[in-house]
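Okay, so here's the structure we're looking at.
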Amino acid sequence: MSMEENKTIYDVMILGAGPAGLSAALYAARGGLSALIIEKGTDGGQIAATDAIENYPGQMLEGESGESLSKRMAGQAERFGTAKAQDVITEAVLDREVKELRGEKETYLGRYVILAMGASARPIGCKGEEQYKGSGISYCATCDGNFFMGLEVYVAGGGDAAVEEAIFLTRFARKVTIVHRRDKLRAAKIIQEKAFQNPKISFLWDSVVEEAFGKGVLQGLMIRNVKTGELTRIEAEEADGMLGLFGFVGNVPNSALVKDIVEVDDRGYIRTDETMRTNIRGVYAAGDIRIKSVRQVVTAAADGAVAAVHISAECEPYE
């Protein structure tokens, strides 16, 4: 679609409605900018599938889920006039004054762009993983935990997300085993303590999932000790018929759309300065998609605010 076919030129287009994108939309709209947020799925990004959030400043003290926080963030942005489009962007044209985001439904025009597409769960990396996705292998405990009521579940990973989700899964599974390639967890101490105190959680240290197997559904795992190379075969009990495997081994930035346009590191994370600017004029990045040391909801929201504030400061009326 050409510019003539779509006369709306937004001051800023925000790609992604996770905490970074929603925060950017709020600050941009409150700063008097016309802002459009484009999201292919549901608001909230990764946190929308998080059962419990305990460390976001100002959250509801009686309990906050990722879904409820996302809804309130989206409502704030909408209140100040943010426009919203649900679309899958397939091409980004960023090397001009008026930038284009070309989607499956239509093309969107804007003077500034904030890339806030976040990151996705990294594959576990075991043989058979693709075959058993949705048939025993999952990457979202809040989405799929109830399917494993009374069964044995394994969790690959040792960071905050892995341990928090393992704790959540004890609501459904009769036993949860954390499989971690190191001999100690990487999760925050307070999260570790909860896991160690939970009688339903056990650990396989210095181990990785080598293979997933079964007939139609996931019925067994091959676990490899990374220090000794020893393989351990685990099979579901006959009465169960299957077991579960949840992967939380890190994330991959959702930068495929722009990785050949903006500067990225060797993992695909976007390089920015402290104002969230990329190497392309008028293009910013915020949240988990950019190079940073801490990836939390609060830091993503901060990134979005910083980007929008700097855009507001330099945005002149469009002629």
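For region 138-150, give me each residue that is surrounded by fewer than 20 Cβ atoms within 10 Å (Cβ to Cβ) and within 18 Å of the chain's Cα centre (by Cα). Scanning region 138-150 gives CYS140, THR142, CYS143, ASP144. When SER202, SER135 are screened for being of a type in the set (Ser, Thr, Tyr), part of a loop (DSSP other than H, G, I, E, B), more than 30 Å from ILE280 (Cβ to Cβ) and open to solvent by 30 Å² or more (accessible area, probe 1.4 Å), only SER135 passes. Residue count for region 19-42 satisfying the condition of being small (Gly, Ala, Ser) and open to solvent by 10 Å² or more (accessible area, probe 1.4 Å): 6. Total residues in region 80-107 satisfying the condition of being of a type outside the set (D, E, K, R), in contact (Cβ under 8 Å) with a residue 40 or more places away in the chain and within 18 Å of ILE9 (Cβ to Cβ): the figure is 11. Of all the listed residues (ALA239, ALA256), the sole one being of a type outside the set (D, E, K, R), closer than 16 Å to GLU152 by Cβ and surrounded by fewer than 19 Cβ atoms within 10 Å (Cβ to Cβ) is ALA239. Candidates are the residues of region 151-176 that are without any contact (Cβ under 8 Å) to a residue 60 or more places away in the chain and open to solvent by 10 Å² or more (accessible area, probe 1.4 Å); the one that is farthest from ASN251 (Cα to Cα) is ARG174. If the condition is being under 18 Å from ALA24 (Cβ atoms) and in contact with a helix residue (DSSP H, G or I) (Cβ under 8 Å, 6 or more places away or on another chain), then region 247-268 contributes PRO253, ASN254, SER255. Consider region 43-79 and keep the residues that are open to solvent by 80 Å² or more (accessible area, probe 1.4 Å) and touching a residue at least 12 places away in the same chain (Cβ under 8 Å). The one that is farthest from ARG122 (Cα to Cα) is GLN76.
Scanning region 96-155 for residues that are aromatic (Phe, Trp, Tyr) and within 23 Å of ILE311 (Cβ to Cβ) yields TYR108, TYR112.
Taking the criterion of being surrounded by fewer than 19 Cβ atoms within 10 Å (Cβ to Cβ) and either under 30 Å from PHE248 (Cα atoms) or touching a Pro at 6+ places or on another chain (Cβ under 6 Å) (or both), the only residue of region 104-120 that qualifies is SER120.
The values are calculated or read from the model by the stated rules, or taken from the named source; none is laboratory data. Predicted model only: the values in this text are computed from it and were never measured. Neighbour counts run over all protein chains shown; Cβ positions are idealised from the backbone, glycine included. Accessible surface areas use protein heavy atoms only, side chains included; no ligands, DNA or RNA. Shrake-Rupley method; radii C 1.70, N 1.55, O 1.52, S 1.80 Å.
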